[in-house]
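> One structure, pasted below without further comment.
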Amino acid sequence: MDGQAFFNRQLTVAKFPELDMIRAGAYDRYACAVNVSDIFRPEITDALRQRGVQIFWFPQGEAFGISLASLYGALRILWNAEKREQAVLLHCHSGHNRSVLVADCYYFLRTGQHRQQSGSLQPADCLRPKNQLFLNIDDGQLPGIYKMEKFLTCCRESFAENFPEQDRPLDWIRLQMQLSDSGF
């Protein structure tokens, strides 16, 4: 499956799932749910798990900077799901920033291009149609665009089957980006 097909058919960017909708089976098509909110709701997690959805939580805080380690983890799950042709629910609290940011990062990782401002990957009720990668860089939540592009390129390389250091991808990425003093 190519990156576009995954974005158009398998990846859903949304707000926190609603308990009633989970119980009604609205999320049963998803193999996994990736929560990138800094909020963990055990009742939502348990309900999804009971429906057979695998759960991943990579908390991203908007007030103190986006964690590249959490971003890496979420991107890795998307990569694996795409490889297996599985549907993914990618969500944050309201579906307007962090989940769209992760999708925008994955789009660049897969295509080497930035998602256009009016492109897909927006929840139906999204009020911000802009590329969240650019907005979070501008807000100081992420390193500059050059470092983020390099980070995402290094992530893609580390996800490849022939990656030379399978057990140490984050150390390798840190070295490649020369971010050892950046807190990453």
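The values are calculated or read from the model by the stated rules, or taken from the named source; none is laboratory data. Everything numeric here is computed off the predicted structure, so don't read it as measured data. Cβ sites come from the backbone with ideal geometry, for glycine too, and all protein chains shown count toward neighbours.
> Identify all residues within the range 54-91 that are hydrophobic (A, V, I, L, M, F, W, C), over 19 Å from Leu11 (Cα atoms) and either out of contact with any Lys or Arg (no Cβ under 8 Å at 6 or more places or on another chain) or in a helix (DSSP H, G or I) (or both); write none if there are none.
Result: Ala63, Phe64, Leu68, Ala69.
> Residue check, Gln86 against (1) touching a strand residue (DSSP E or B) at 6+ places or on another chain (Cβ under 7 Å); (2) closer than 22 Å to Ile39 by Cβ; (3) at pLDDT 90 or above, all met but one. Which one?
That leaves (2) as the condition not met.
> Still on this structure, I have one more. Quick check on Ser67: is it out of contact with any His (no Cβ under 8 Å at 6 or more places or on another chain), under 23 Å from Phe134 (Cα atoms) and crowded, with 17+ Cβ neighbours inside 10 Å?
Answer is yes for this residue.
> Oh, and also: Can you say whether Arg98 is modelled with pLDDT under 95, charged (D, E, K, R) and closer than 19 Å to Ile145 by Cα, as far as the supplied structure shows?
Spelling it out, Arg98 is indeed modelled with pLDDT under 95, charged (D, E, K, R) and closer than 19 Å to Ile145 by Cα.
> Continuing with the same structure: How many residues are surrounded by 14 or more Cβ atoms within 10 Å (Cβ to Cβ) and modelled with pLDDT under 95 if we restrict to the range 20-40?
Residues in the range 20-40 being surrounded by 14 or more Cβ atoms within 10 Å (Cβ to Cβ) and modelled with pLDDT under 95: 2 in total.
> So, one more: Among the listed residues Thr12, Thr45, which satisfies the condition of being part of a strand (DSSP E or B), hydroxyl-bearing (Ser, Thr, Tyr) and buried (at least 16 other Cβ atoms within 10 Å of the Cβ)?
Thr12
> How many residues are part of a loop (DSSP other than H, G, I, E, B) and either surrounded by fewer than 23 Cβ atoms within 10 Å (Cβ to Cβ) or among the aliphatic types (A, V, I, L, M) (or both) when one looks only at the range 107-117?
Final tally of qualifying residues: 5.
> Okay, next question. Could you please find all residues in the range 76-106 being aliphatic (A, V, I, L, M), buried (at least 24 other Cβ atoms within 10 Å of the Cβ) and either touching a helix residue (DSSP H, G or I) at 6+ places or on another chain (Cβ under 7 Å) or without any contact (Cβ under 8 Å) to a residue 24 or more places away in the chain (or both)?
Residues satisfying the conditions are Leu78, Val88, Leu90, Val100, Leu101, Val102.
> Continuing with this model, one more query. Name the one entry in Val36, Val53 that is of a type in the set (A, V, I, L, M), in contact (Cβ under 8 Å) with a residue 40 or more places away in the chain and in contact with a Phe, Trp or Tyr (Cβ under 7 Å, 6 or more places away or on another chain).
Step by step, each of Val36, Val53 is checked, and only Val36 is of a type in the set (A, V, I, L, M), in contact (Cβ under 8 Å) with a residue 40 or more places away in the chain and in contact with a Phe, Trp or Tyr (Cβ under 7 Å, 6 or more places away or on another chain).
> Any residue in the range 18-33 that is assigned to a loop (DSSP other than H, G, I, E, B) sitting within a Cβ distance under 9 Å of a residue that is basic (Lys, Arg)? List the pairs, counting only those 6 or more apart or interchain.
The qualifying pairs are Gly25/Arg51; Tyr27/Arg51; Asp28/Arg51; Tyr30/Arg51; Ala31/Arg84.
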